[in-house]
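Participant: Structure provided below as structure tokens; questions to follow.
The values are calculated or read from the model by the stated rules, or taken from the named source; none is laboratory data. Note that the structure is a prediction, hence the values are computed from the model and not measured. Here the Cβ is made from the backbone with ideal geometry for all residues, glycine too, and neighbour counts use every protein chain on show. SASA here: full protein model, heavy atoms, side chains in, ligands and nucleic acids out. Shrake-Rupley method; radii C 1.70, N 1.55, O 1.52, S 1.80 Å.
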Amino acid sequence: MTSITEKLLKFMRFLAWLAFIGLLIKAGAIIMSFGVSIQNPEASKDLYQGMDLSRYLDASFTHYTIIVFYYIILYLLQAYIALFVAKLLTIVNLDKPFTMSVVAILHKISITIFGVWILAMVHNLHVILLDKYADIKAEPFASEYIFLAGIVYVLSQLFKRGAAMQRENELTM
């Protein structure tokens with residue numbers, strides 16, 4: 001049973017590293033495409049894999065730049081989360097899973113997800129205002145990050161309590 005779980009954790013760690021690398025490549029591709037679109041405004045119609053931000057560029061270069069940087073920061077924060085997940089899957093010990101290092105990583109993940117939610121809300125407010133005042137069709141980010149951040153935070157608190165109980169148990173043995 002444990003060998004299956006260990007293999008699953010190794011596979012999940014591989015997927016986390018794959019997600020980390022993929023998200024970094026995505027952010028880098030958007031940065032490069034943005035650089036090209038500065039010289040060639042036609043490139044903003046297909047910035048990255050069908051991402052059409054030309055309506056923002058047509059309205060204002062400043063708004064276009066801000067929207068692109070929202071996307072870049074979003075993907076970089078998601079890559080940061082994937083890095084923390086890979087680290088978590090590396091340090092977790094199935095015999096003694098409740099450690100303060102696991103708690104610290106879970107807490108960092110929840111804080112980063114909360115940061116992604118804040119970024120999504122700022123982006124959504126920005127594009128909604130652009131839609132209202134500049135008549136540019138808004139494409140908001142998903143906003144369920146707050147729920148995910150709450151779940152991970154609760155898990156970190158549960159692991160914190162588990163680590164304390166595990167430490168007490170070790171002292172009494």
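This table checks each residue for (1) at pLDDT 95 or above; (2) crowded, with 19+ Cβ neighbours inside 10 Å; (3) of a type in the set (Gly, Ala, Ser); (4) closer than 23 Å to ASN124 by Cα.
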site	(1), (2), (3), (4)
ALA19	yes, no, yes, no
PRO41	no, no, no, no
LYS45	no, no, no, yes
HIS63	no, yes, no, yes
ALA82	yes, yes, yes, no
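Participant: Something else about it: Given (1) open to solvent by 70 Å² or more (accessible area, probe 1.4 Å); (2) under 30 Å from ALA43 (Cα atoms), identify the lone condition not met by HIS107.
Facilitator: The one condition HIS107 does not meet is (2).
Participant: Does PHE98 satisfy the condition of being closer than 27 Å to ILE21 by Cβ and either buried (at least 17 other Cβ atoms within 10 Å of the Cβ) or modelled with pLDDT under 90 (or both)?
Facilitator: Answer is no for this residue.
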